[in-house]
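Visitor: Below is a structure I'd like to ask you about.
Every number here is computed from the coordinates shown, using simple stated rules; none is lab data. Just so we're clear, the structure is a prediction, and the values are computed from it rather than from any experiment. So basically every Cβ, Gly included, is an ideal-geometry build from the backbone, and we count neighbours across all protein chains shown.
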Amino acid sequence: MGEIWTKIRLLNAVDEALTRRNLLRTEEIRTYFANALVDTGAVRSILPPYVVERLGLAIRGQRVAEYTDGCKEAIVVTEPLIIEIEGRDTLEEALVLGDEVIIGPTVLEKLDLFVDWVNQRLVPNPAHPDQPVSKVK
């Protein structure tokens, strides 16, 4: 477990879908750039309320979150957003909490990115340097 920081781009996935259907102009996609904490000890990604508002994301329900001290709390979760890191992107829902953007390992797995602890950065899986590869059974 550990933490590093990385630059990311977040997009409203509904806006992006409307753009693909020619119902919204590309420049109207609500986007947010962040210096995000990559926390391999977390599971889910987390967005502060002000980022959720800026992206125009709707709340689609609640999930139970367990803190490091063992306490549990129901936290609201967003509709899907697009998370782009190192030129790779994926859809993800996020918990709404706190005051910083946190990327959990589920995003890293979907993007096939590894943590380079020595250089404090994310790098593509050396076996798949050009694009993420998903493992399936």
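Visitor: What lysines does LYS137 reach when the alpha-carbon gap must be under 21 Å and sequence neighbours fewer than 8 apart in one chain are set aside?
Guide: Here the lysines satisfying the reach criterion relative to LYS137 are LYS110.
Visitor: So how much slack lies between VAL76 and GLU3, counting 0.36 nm per residue of separation and subtracting their Cα-Cα distance, in nm? If you can, show how the numbers build up before the last one.
Guide: Numbers: separation 73, 0.36 × 73 = 26.28 nm, distance 2.38 nm.
Extending this stretch completely gives an extra 23.9 nm.
Visitor: How do THR6, THR106, THR26, THR78 rank when sorted from fewest to most other Cβ atoms within 10 Å of their own Cβ? Can you show the working numbers first?
Guide: On the way: THR6 18, THR106 14, THR26 9, THR78 22.
The order, fewest Cβ neighbours first, is THR26, THR106, THR6, THR78.
Visitor: Students often forget the sequence filter, so: which aspartates and glutamates lie under 19 Å Cα-Cα from LYS135 once same-chain residues fewer than 8 apart are removed?
Guide: Answer for LYS135, where 19 Å is the Cα cut-off: ASP89, GLU92, GLU109, ASP112, listed by chain and number.
Visitor: Mind jotting down the distance between the C-alpha centroids of region 2-61 and region 71-137, whole Å?
Guide: For region 71-137 versus region 2-61, the Cα centre distance is 12 Å.
Visitor: I've got another one for you. Longest exposed-loop-site-free stretch of the chain, with GluC sites (Glu not before Pro), DSSP loop and at most 16 other Cβ within 10 Å? Don't jump to the answer; show the numbers that get you there.
Guide: Working: sites that count: GLU86, GLU100.
Looking at the chain, 1-85 is the longest stretch - no exposed GluC sites (Glu not before Pro) with at most 16 other Cβ atoms within 10 Å.
Visitor: Once a ≥ b ≥ c are taken as the square roots of the eigenvalues of the Cα gyration tensor of the chain, is the result rounded (a/c under 1.5), prolate (a/b larger than b/c) or oblate (a/b not larger than b/c)?
Guide: Details: a/c = 1.70, a/b = 1.08, b/c = 1.57.
Because a/c hits 1.5 or more and a/b fails to exceed b/c, the chain counts as oblate.
Visitor: GLY98's amide H: which non-local residues (gap 5+, or another chain) put their own amide H closer than 5 Å, with H modeled 1.01 Å from N in plane and none for Pro or chain starts?
Guide: The list, which skips near neighbours in sequence, is empty: none.
Visitor: Another one. Given H placed on each backbone N at 1.01 Å, which residues far from LEU122 in sequence or on other chains put an amide H within less than 5 Å of it?
Guide: Placed amide hydrogens put ASP116 under 5 Å from LEU122.
Visitor: Remind me, relative contact order of region 3-124 in percent, using alpha carbon pairs under 8 angstrom and six or more residues apart? Each step should come with its number before you reach the end.
Guide: Working: 256 pairs, mean separation 37.2, N = 122.
Relative contact order for region 3-124 comes out at 31 percent.
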